[in-house]
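The values are calculated or read from the model by the stated rules, or taken from the named source; none is laboratory data. Keep in mind the model is a prediction, meaning the values are calculated, not measured. Here the Cβ is made from the backbone with ideal geometry for all residues, glycine too, and neighbour counts use every protein chain on show.
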Amino acid sequence: MPASPSDEQLIKRWQDQPAPLLPLLHAFNERDGHISPQALEAISAGLRLPMANLHGSVTFYHHISGEPGSRDRPRVCMGPICRLNGSEQLLQDLDGAEPMACAGRCDDPIPVLQADRALVGRFEGELQQIPSPLPPPNPDGIEECCLASVREPDRATCAGYVRTGGYAALAKAREMEPEEILQVLDDSGLAGRGGAGFPTATKWRAVRNAQGGPKTLVCNADEGEPGCFKDRVLLDHDPHAILEGMAIAGLATGATRGFIYLRYEYPQTLDILERALEEAKEQLEGFDFCVRRGAGAYICGEETSLLNSLEGEHPFPRNRPPFPVTHGFEQTPTAVNNVETLASVAPILAHGAEWYAGLGLGEHRGTKLISLSGDVERPGNYEVPMGFPLKTLLFDWAGVPEGRSVQAVTMAGLSGGFLGAADLDATLDEACLRGKGSFLGAGGIMVFDDRRDMFEIARQSMEFFASEACGKCFPCRIGTERLTERLSEPSGPLAPDAWIEEVHAIGHTMTQLSACGLGKSAPLITESLMRLFPEQVSSKLEAR
């Protein structure tokens, strides 16, 4: 058995690499099972980071700890869907287990993370490592973009990807002028698929035209929104599609270096991506891409928090302006794009802007991946045309259990709050959903039938937001805590009218004054709960 690497060897391995802190932390954590004070001192000296800053950053992450043996303890998903499937009991059954936030396996619960193994099962004796489920075939045979080839055998290998048309779009892009690439994307209507919906070509053009460099690409694969698991299926089963999209982005923006920031809870995906990068060296000639694994922080899904995390800073959101397109990674022009956005790029170049735009319904352009889970018979990832009827997705494609009725669905994972039974005539596009007080976001939809306690679901959701608030701004930090308290045991006003008035007031303050999307969207949970389920709210309050 080879000797464990010394502190000096680990630091030498990473100190001159781009974005070295995260991989160095993981290296020490893997060697020792935790991050000791001595390791922090060595990292601080090796990377020339102030000890106080380093300690603050490291203790912020969920999956990095100074407690001996912490790395090897099982962590059980406590996301809303896993709780419905028995995760609280599994947490009790596993020795030394700790809870963790939604780990992105809502289509196949319950995920348990132990060291670098992602296990799945509903009982202690059946935990095993199994691949991410492939998305079910499109029930109506509707043409897809991102998922069109993901079910092909060996699609995750470079040879299989090339055999099914992969890297042909990149070859075509190498013969095009950057503005030609941008024009195709402009005409297609491709916009960010991670939630923000910003036009992709506009962002890339801004990076290309920005002064300074080197210019940088970042794939945001920190898929931390509860109920979202669409990026995982693309990364696991079609990794070269993301790499090809990044390379085309590089040609369009002038960037040659890039990072894939991967959420910690996807350890098998890390191996898949690193293998894909090794296999595709010839295809990716001229580009320097690498993977950086996060350490467990929902806020790192926000692009400027992610950039701070990459740089080794505390992952607070940055004040904007300036924006990442001019002052991103290491203050250089940076394009940050979601996995689904990048996976859409090569098909658009291959088939044309008109083809992609025509995949949407009516005035809507393109498609959207939807992660569907909860009380449905066929959970999974579905690619739908923009403007697709929600009812068709729920009742015809996924199926509601016989004899049950849909009480509520979440939108944008949890961030969009709840839609009630009367809202199920919605179509899956931003305009329609915002008209109902919600938004599509990253495309996570969790379904709750008439058996579920929506007040309790709301409490769990707000508890998640409170635990993930970064602490930078007090409206979010304090507001999420106070709303969690109001949804828990008696706290604050006990009279229903006063309780409702206070919850409204807290939520209003958060939406108006929070620094980022977490604090602005979290009150949608309580607002939609009070609007849609006043009887449940009254019943809970009267029972206190």
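Per-residue answers, yes or no, for (1) surrounded by fewer than 18 Cβ atoms within 10 Å (Cβ to Cβ); (2) farther than 24 Å from Glu265 by Cβ; (3) not assigned by TED's automatic domain parsing to the domain that holds Val409:
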residue	(1), (2), (3)
His26	no, no, yes
Gly33	yes, no, yes
Ile43	no, no, yes
Arg48	yes, yes, yes
Asn53	yes, yes, yes
Tyr61	no, no, yes
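Any residue in region 189-199 that is among the small types (Gly, Ala, Ser), in a loop (DSSP other than H, G, I, E, B) and within 14 Å of Ala350 (Cα to Cα)? Talk me through it step by step, then tell me what you get.
Within region 189-199, the subset among the small types (Gly, Ala, Ser) is 189, 191-192, 194-197.
Filter once more, so that each one left must be in a loop (DSSP other than H, G, I, E, B): 189, 192, 194-197.
Next, only the ones that are within 14 Å of Ala350 (Cα to Cα) stay: none.
No, every residue in region 189-199 fails to be among the small types (Gly, Ala, Ser), in a loop (DSSP other than H, G, I, E, B) and within 14 Å of Ala350 (Cα to Cα).
Pick from Ile130, Ile142: which is among the β-branched types (Val, Ile, Thr), outside any helix (DSSP H, G or I) and touching a residue at least 40 places away in the same chain (Cβ under 8 Å)?
It is Ile142.
So that you can scan it fast, the table gives a plain yes or no per residue for (1) over 23 Å from the mean Cα position of the chain (by Cα); (2) without any contact (Cβ under 8 Å) to a residue 40 or more places away in the chain; (3) surrounded by fewer than 19 Cβ atoms within 10 Å (Cβ to Cβ); (4) under 27 Å from Phe448 (Cβ atoms):
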position: Ser461; (1), (2), (3), (4): no, no, no, yes
position: Ala469; (1), (2), (3), (4): no, no, no, yes
position: Thr480; (1), (2), (3), (4): no, no, no, yes
position: Trp499; (1), (2), (3), (4): yes, no, no, yes
position: Val503; (1), (2), (3), (4): yes, yes, no, yes
position: Gly507; (1), (2), (3), (4): yes, yes, no, yes
position: Ser521; (1), (2), (3), (4): no, no, no, yes
position: Thr526; (1), (2), (3), (4): no, no, no, yes
*asked:* Given the options Arg451, Arg477, name the one that is touching a Lys or Arg at 6+ places or on another chain (Cβ under 9 Å) and at pLDDT 95 or above.
replied: Arg451
*Examine region 482-491 for a residue that is under 30 Å from Leu394 (Cβ atoms), crowded, with 20+ Cβ neighbours inside 10 Å, more than 26 Å from the chain's Cα centre (by Cα) and not aliphatic (A, V, I, L, M), and state whether such a residue exists.*
no
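Is it fair to say Phe474 is surrounded by fewer than 16 Cβ atoms within 10 Å (Cβ to Cβ) and assigned by TED's automatic domain parsing to the domain that holds Gln512?
Criteria met by Phe474.
Here are some residues: Ala252, Ala247. Which one is in a helix (DSSP H, G or I), over 24 Å from Glu430 (Cα atoms) and in contact with a Pro (Cβ under 7 Å, 6 or more places away or on another chain)?
Details: Ala247 fails: in contact with a Pro (Cβ under 7 Å, 6 or more places away or on another chain).
Step by step, each of Ala252, Ala247 is checked, and only Ala252 is in a helix (DSSP H, G or I), over 24 Å from Glu430 (Cα atoms) and in contact with a Pro (Cβ under 7 Å, 6 or more places away or on another chain).
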*Quickly run through region 182-206 and pick out the residues that are within 18 Å of Gly328 (Cα to Cα), out of contact with any strand residue (DSSP E or B) (no Cβ under 7 Å at 6 or more places or on another chain) and polar (S, T, N, Q).*
Thr202
*Count, please, the residues in region 174-188 that happen to be surrounded by 16 or more Cβ atoms within 10 Å (Cβ to Cβ) and part of a loop (DSSP other than H, G, I, E, B).*
1
*Residues in region 273-286: is at least one touching a residue at least 12 places away in the same chain (Cβ under 8 Å), farther than 25 Å from Gly104 by Cα, touching a Cys at 6+ places or on another chain (Cβ under 8 Å) and not in a loop (DSSP other than H, G, I, E, B)?*
yes
*asked:* So if I check each of Gly227, Gly296, which one is touching a residue at least 60 places away in the same chain (Cβ under 8 Å), surrounded by 24 or more Cβ atoms within 10 Å (Cβ to Cβ), in a loop (DSSP other than H, G, I, E, B) and within 18 Å of the chain's Cα centre (by Cα)?
replied: Gly227
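Mind listing whichever residues of region 377-387 are of a type in the set (A, V, I, L, M, F, W, C) and surrounded by fewer than 24 Cβ atoms within 10 Å (Cβ to Cβ)?
Of everything in region 377-387, just one residue is of a type in the set (A, V, I, L, M, F, W, C) and surrounded by fewer than 24 Cβ atoms within 10 Å (Cβ to Cβ), namely Met386.
Can Asp429 be described as in contact with a Lys or Arg (Cβ under 7 Å, 6 or more places away or on another chain), modelled with pLDDT of 95 or more and not aliphatic (A, V, I, L, M)? Working first, answer last.
Numbers: in contact with a Lys or Arg (Cβ under 7 Å, 6 or more places away or on another chain): no; modelled with pLDDT of 95 or more: yes; not aliphatic (A, V, I, L, M): yes.
No, not satisfied.
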*Within region 86-111, work out how many residues are surrounded by 18 or more Cβ atoms within 10 Å (Cβ to Cβ), of a type in the set (Asp, Glu) and touching a helix residue (DSSP H, G or I) at 6+ places or on another chain (Cβ under 7 Å).*
0
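Could you tell me which residue of region 140-154 is surrounded by the fewest Cβ atoms within 10 Å (Cβ to Cβ), considering only residues that are touching a Gly at 6+ places or on another chain (Cβ under 8 Å) and acidic (Asp, Glu)? First the steps, then the outcome.
Filtering region 140-154 for residues touching a Gly at 6+ places or on another chain (Cβ under 8 Å) gives 145, 149, 152-154.
Now narrow it down to the ones that are acidic (Asp, Glu): 152, 154.
Values: Glu152: 16, Asp154: 11.
Among those that are touching a Gly at 6+ places or on another chain (Cβ under 8 Å) and acidic (Asp, Glu), it is Asp154.
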_So if I check each of Ala19, Ala52, Ala27, which one is without any contact (Cβ under 8 Å) to a residue 24 or more places away in the chain and in contact with a Leu (Cβ under 7 Å, 6 or more places away or on another chain)?_
Ala27
_Tell me the residue from Thr216, Thr202, Thr157 that is within 23 Å of the chain's Cα centre (by Cα), among the polar types (S, T, N, Q) and surrounded by fewer than 24 Cβ atoms within 10 Å (Cβ to Cβ), please._
Thr202
*Using the structure shown, decide if Gly286 is touching a helix residue (DSSP H, G or I) at 6+ places or on another chain (Cβ under 6 Å) and either within 15 Å of Pro18 (Cβ to Cβ) or modelled with pLDDT of 95 or more (or both).*
no
*Return the total of residues in region 30-48 being touching a Leu at 6+ places or on another chain (Cβ under 7 Å) and not in a helix (DSSP H, G or I).*
1
_Looking at Ala442, Ala421, can you tell me which residue is on the phi < 0 side of the Ramachandran plot and in contact (Cβ under 8 Å) with a residue 60 or more places away in the chain?_
Ala442
*Regarding His351, is this residue farther than 30 Å from Gly56 by Cβ and free of Cβ contacts under 8 Å to residues at least 24 places away in the same chain?*
yes
*Looking only at residues in region 249-268 that are among the hydroxyl-bearing types (Ser, Thr, Tyr) and touching a residue at least 60 places away in the same chain (Cβ under 8 Å), which one is nearest to Leu310 (Cα to Cα)?*
Tyr264
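So, in region 57-105, how many residues would count as being part of a loop (DSSP other than H, G, I, E, B) and more than 12 Å from Glu124 (Cα to Cα)? Can you show your working first?
Within region 57-105, the subset part of a loop (DSSP other than H, G, I, E, B) is 59-69, 73-74, 78-79, 85-86, 94-97, 101-105.
Right, trim to more than 12 Å from Glu124 (Cα to Cα) and you get 59-69, 73, 78-79, 85, 96, 101-105.
Selection size over region 57-105: 21.
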